[in-house]
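Chemist: Next up is a structure, given as structure tokens.
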Amino acid sequence: MTPNILVILGAALIPFLVAFIWFHKSVFGGERWHIISEMSAEKAASPVKPLKLFLSIVLNVFLSFGMYLFSIHEAGVFGMVGGDTALMKTGTAAAFLAEYGGDFHTVTHGLAHGLGATLFFALPFLGYVVIFEKKSAKYFWVYLSYWLVCLTLMSIVICLWGAVPV
């Protein structure tokens with residue numbers, strides 16, 4: 001299996017879509033979010049510079065590709081044959097893919113990997129931010145739950161459509 005680049009790029013948009021809803025005034029946005037994040041109204045009102053927006057897109061693509069590597073087990077076989085798709089059609093790699101390839105491309109598997117990525121990556125990173133930048137527990141829970149939703153949706157999309165059979 002090789003990555004479906006269009007799906008990887010599409011999954012990279014999920015954090016933007018979730019943020020649009022998550023930080024909306026009726027959820028955590030508006031005055032409440034400014035208080036939780038300790039952000040001034042002036043700073044919140046200033047537009048995001050194009051370079052920073054571009055960098056956030058690049059970071060989302062990296063995150064999406066990382067979720068592909070984390071969620072699609074056949075990516076390990078692809079890596080072990082040095083990225084040579086011809087070698088995936090013969091020998092041990094072909095036998096492994098014949099027996100196990102295509103398994104675990106389900107919503108449930110995406111849920112499991114989204115939860116795993118949240119617990120083993122997002123939680124520790126956010127924990128450091130909260131501890132050393134002295135952020136509140138509310139800040140931690142808002143962001144941890146945001147990343148749980150994002151990573152889980154990304155993993156589900158990638159599990160269902162993110163791998164192309166060789």
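The values are calculated or read from the model by the stated rules, or taken from the named source; none is laboratory data. Keep in mind that this is a model prediction, so the values were computed, not measured. Please note: Cβ atoms are built from the backbone with ideal geometry, for glycine as well, and neighbour counts cover all protein chains shown.
Chemist: Pick from 86, 75, 19: which is among the small types (Gly, Ala, Ser), without any contact (Cβ under 8 Å) to a residue 12 or more places away in the chain and either closer than 23 Å to residue 140 by Cα or outside any loop (DSSP other than H, G, I, E, B) (or both)?
Modeler: Being among the small types (Gly, Ala, Ser), without any contact (Cβ under 8 Å) to a residue 12 or more places away in the chain and either closer than 23 Å to residue 140 by Cα or outside any loop (DSSP other than H, G, I, E, B) (or both) holds for just one of 86, 75, 19, which is 86.
Chemist: Could you figure out which of (1) among the hydrophobic types (A, V, I, L, M, F, W, C); (2) modelled with pLDDT of 95 or more; (3) closer than 22 Å to residue 111 by Cα isn't true of residue 57?
Modeler: Every condition holds for residue 57 apart from (3).
Chemist: Moving to a separate point now. Residue by residue through segment 85-112, note down the ones that are under 15 Å from residue 164 (Cβ atoms), modelled with pLDDT of 85 or more and not aliphatic (A, V, I, L, M).
Modeler: Listed by number, the residues that qualify are 85, 89, 105.
Chemist: Would a scan of segment 120-136 turn up a residue that is closer than 17 Å to residue 29 by Cα, in a helix (DSSP H, G or I) and among the aromatic types (Phe, Trp, Tyr)?
Modeler: no
Chemist: Sticking with this one: For segment 1-13, which residues satisfy the criterion of being buried (at least 16 other Cβ atoms within 10 Å of the Cβ), more than 12 Å from the chain's Cα centre (by Cα) and in a helix (DSSP H, G or I)?
Modeler: 7
Chemist: Which condition does residue 107 not pass, out of (1) out of contact with any Leu (no Cβ under 8 Å at 6 or more places or on another chain); (2) of a type in the set (Val, Ile, Thr); (3) exposed (fewer than 14 other Cβ atoms within 10 Å of the Cβ), if it passes all the others?
Modeler: Condition not satisfied by residue 107: (1).
Every residue, every condition in (1) touching a Phe, Trp or Tyr at 6+ places or on another chain (Cβ under 7 Å); (2) not in a helix (DSSP H, G or I), yes or no:
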residue: 15; (1), (2): no, no
residue: 32; (1), (2): no, no
residue: 36; (1), (2): yes, no
residue: 39; (1), (2): no, yes
residue: 48; (1), (2): no, yes
residue: 56; (1), (2): no, no
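Chemist: A further question follows. Is there a residue being buried (at least 17 other Cβ atoms within 10 Å of the Cβ), within 23 Å of residue 23 (Cβ to Cβ), hydrophobic (A, V, I, L, M, F, W, C) and touching a residue at least 60 places away in the same chain (Cβ under 8 Å) anywhere in segment 135-146?
Modeler: Yes, segment 135-146 contains a residue that is buried (at least 17 other Cβ atoms within 10 Å of the Cβ), within 23 Å of residue 23 (Cβ to Cβ), hydrophobic (A, V, I, L, M, F, W, C) and touching a residue at least 60 places away in the same chain (Cβ under 8 Å).
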